[in-house]
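Step one of this worksheet: look at the structure below.
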Amino acid sequence: MAVTNRQQGNIGPAREQHREVTKLQELVYELKIEQVMKKEVITVSPDDSMRHLKEVLRLNRISGTPVLRDGELIGIISIEDLIKALEAGDIDARVGDRMTTNIQTIFADETIMQAVNTFARFGYGRLPVVNRQGELVGMLTQSDVARGLLRQLEIDYHEEEIHRYRASHIFEDIESDQTGLILRYRVEAKDFQRCGEAASKLKRALERLGAHPSLVRRIAVASYEAETNLVIHTDKGGEVIAEIQPRCIRIIAVDRGPGIPDVEKALQPGYSTAPDWIRELGFGAGMGLNNIQACADKMQLDSKPGIGTRLEIVIDM
Ligand SMILES: Nc1ncnc2c1ncn2[C@@H]1O[C@H](COP(=O)(O)OP(=O)(O)O)[C@@H](O)[C@H]1O
Ligand SMILES: [Mg+2]
């Protein structure tokens with residue numbers, strides 16, 4: 001980016017030339033290959049047949065594997081080699097005669113950055129990972145890299161979340177003072193653009209108040225589903241009300257119609273009366289009430305056709 005600036009003769013303040021480094025980029029430099037590679041490596045011997053290799057690849061659902069002689073890495077054999085052997089009618093050939101011996105390896109203590117560059121440079125789908133003594137210690141694919149990065153992002157995010165949570169004490173105060181707090185959100189019927197707003201406002205409020213992240217997550221899911229039902233299934237919308245009490249959070253979703261003719265049926269997984277046009281918007285899988293049940297310690301659904309519906313969700317602290 002700094003180069004572009006210079007080319008345009010646009011020399012701004014020095015700090016504008018610093019590229020913003022995202023969390024992902026930071027991780028790419030920090031994470032080591034050994035943290036994301038597969039450690040259980042399937043190998044074959046040079047004396048195995050290509051027929052045997054075919055079974056190994058099929059059973060393990062892999063597209064290539066290292067070849068070892070007495071524990072030493074001497075080659076790599078892939079599905080392409082197998083196809084070539086098949087085309088040549090040479091399925092009983094030795095792996096040792098068909099493998100690639102010019103192998104690109106990577107060191108376990110190198111960073112993801114180096115792995116990404118190596119993948120880009122050579123275009124291989126997989127790289128054998130060796131330690132500094134040259135022993136094979138793992139295999140690395142591009143999806144191992146992606147999975148490893150995602151996992152680490154999640155771990156870091158969790159730590160940050162817990163850190164933020166410890167910074168606020170209003171929840172503790174509610175408990176020690178035996179007091180309560182009520183938050184109310186109006187939800188409009190068929191307003192899909194704003195569907196989810198009440199739940200995310202409630203979520204943000206709880207975070208700021210210092211609710212535990214796992215509690216926030218359960219409430220967020222339950223209130224999102226409750227809100228969605230008000231949007232999708234009601235005539236006039238309704239209200240989502242959260243009562244924060246010393247021992248529990250109670251979420252109530254109320255509306256004034258049309259009501260549910262058969263509550264038992266509505267609670268069955270996959271049951272939905274959502275019309276096609278709503279399903280096309282990605283709603284109406286019939287799992288909302290079940291998801292709420294999974295998040296809640298208690299759930300009560302009361303409904304009278306023509307009058308309205310009241311859903312009460314209790315989550316203990
Ligand atoms: N507030 C409500 N008013 C009327 N019907 C409702 C309400 N909430 C749920 N229902 C009924 O219960 C059914 C199941 O709800 P749910 O499990 O959330 O699945 P979905 O919303 O995907 O249809 C809905 O299809 C609908 O018939
Ligand atoms: Mg629903």
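The values are calculated or read from the model by the stated rules, or taken from the named source; none is laboratory data. Predicted model only: the values in this text are computed from it and were never measured. Don't worry about glycine lacking a Cβ; one is built from the backbone with ideal geometry, like all the others, and counts go over all protein chains shown. Accessible surface areas use protein heavy atoms only, side chains included; no ligands, DNA or RNA. Shrake-Rupley method; radii C 1.70, N 1.55, O 1.52, S 1.80 Å.
Summary table below
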| item | result |
| --- | --- |
| Efficiency of FRET from Cβ geometry, ALA88 and ILE155, R₀ 51 Å, rounded to 0.05 | 0.60 |
| Anisotropy class of the chain from Cα gyration tensor, a/c 1.5 cut | prolate |
| In degrees, nearest ten, helix 142-166 long axis to first principal axis of the chain (Cα) | 40 degrees |
| The chain - mean residue ellipticity at 222 nm from DSSP helices (-39,500 (n - 2.57) per run, n ≥ 4, rounded to 500) | -12500 deg cm²/dmol |
| Point-charge dipole on Cβ atoms (K/R +1, D/E -1) for the chain, about Cα centre, debye to 20 | 580 debye |
| Solvent-accessible area of VAL28 with every protein chain in place, 1.4 Å probe, in Å² to the nearest 10 | 20 Å² |
| GNM result for the chain, Cα springs below 10 Å: residue of GLN114, GLN133, GLN293 fluctuating most strongly | GLN133 |
| Efficiency of FRET between VAL137 and ARG61 - r from beta-carbon atoms, R0 30 angstrom, step 0.05 | 0.90 |
| Under 18 Å from the Cα of LYS32 - lysines, other chains or at least 8 residues apart | LYS23 |
| Listed peptides 271-280, 246-255, 62-71, 218-227 by packing density, highest first (mean Cβ within 10 Å) | 218-227, 246-255, 62-71, 271-280 |
| Farthest toward positive dipole pole in the chain [+1 Lys/Arg, -1 Asp/Glu at C-beta], among ALA146, VAL130, VAL263 | VAL263 |
| C-alpha long axis of helix 213-233 to longest principal axis of the chain, angle in ° | 60 degrees |
| Accessible area (Å², per residue) of the range 65-170, counting only protein heavy atoms and a probe of 1.4 Å | 58 Å² |
| C-alpha long axis of helix 112-122 to longest principal axis of the chain, angle in ° | 50 degrees |
| Surface share of carbon and sulfur [accessible, 1.4 angstrom probe, percent] for the range 32-125 | 47 percent |
